[in-house]
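Reading through the structure tokens given below for one structure.
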Amino acid sequence: MSQERSLVVVSSGVSQPSSTRLLADRIAAATVEELAARGVTARVTTIELRDLAHEVVNMTLTGFASGPLADALAKVSAADGLVVVTPVFTASYSGLFKSFVDVLDKDALASMPVLLGATGGTGRHSLVLEYALRPLFGYLHADVVGTGVYAATDDWADGAGDDVRPLPERIRRAARELAEAVADREPAKPVGLYEAVPSFDQLLGSD
């Protein structure tokens, strides 16, 4: 079994700098360390959805992906493991995040290990991982790891959240679960650039 895996990180933060991207980077780094401890080298690709927003809208309207979006879709489909992080908007995932998920092939994430993450201004939204994100990725038949990571504004402060597990500990636990799932899985087969583009039958078969 190959000891190299592809880890794709999808961040849908809309600001720069972004706490969503910061959380995504920390989760990715922890996962790489956990994989290395298991003798597995990880190739990490980070996809910033804010850079693909226009292309996502265009594909929603036309059914065709432009170069950068087609490349991103192909990389997600060919990943051995996926980290997805979204900011919380109106008590759920962001519209940009959902729009990207909507243009994925319906089978792209089947059996793929996925770690869910979200950021928000208050800890009151922490259950978004369970009532919004987990059902979405369950519908896509992804292999979602048991621990998700939610980071509120206070979680980034020293000594914050004394009544809950500190953010670094939650990141490490989730990363360990993802690394175990990725390491135990057969390496994904590479996907060609245009395999992520819908066929004419798919385009004509639905509105």
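One entry in [x] 1.08; [y] 1.00; [z] 0.96 is Rg/Rh (Cα atoms, Kirkwood Rh) calculated from the shown coordinates; its label is [z]. Rounded to the nearest 500, what is the chain's calculated 222 nm mean residue ellipticity when only DSSP H runs of at least 4 contribute -39500 (n - 2.57) each, over all residues? Only helices count here, giving -11500 deg cm²/dmol. Neighbours of G95 by Cβ distance under 14 Å: Lys/Arg scored +1, Asp/Glu scored -1, total +1.
When H141, H125 are compared by accessible area at a 1.4 angstrom probe, the order from most to least is H141, H125. Over the chain, accessible surface divided per residue gives 50 Å², non-protein components excluded, 1.4 Å probe.
Element breakdown for the chain at a 1.4 angstrom probe: carbon and sulfur atoms account for 53% of the accessible area. Pull up the DSSP beta bridges for the chain and report the antiparallel fraction as a percent, rounded to 5. Counting DSSP beta bridges with both partners in the chain, the antiparallel share is about 5 percent. Take T119: with every protein chain present and a 1.4 Å probe, its accessible area is about 10 Å². DSSP assigns beta bridges within region 42-147; of those with both partners inside it, close to 20 percent run antiparallel. Computed with a 1.4 Å probe over protein heavy atoms only, the accessible area of K75 comes to about 80 Å².
The values are calculated or read from the model by the stated rules, or taken from the named source; none is laboratory data. Note that this is a predicted model, so its numbers are computed, not measured. Neighbour counts run over all protein chains shown; Cβ positions are idealised from the backbone, glycine included. For accessibility, only protein heavy atoms count, side chains too; no ligands or nucleic acids. Shrake-Rupley method; radii C 1.70, N 1.55, O 1.52, S 1.80 Å.
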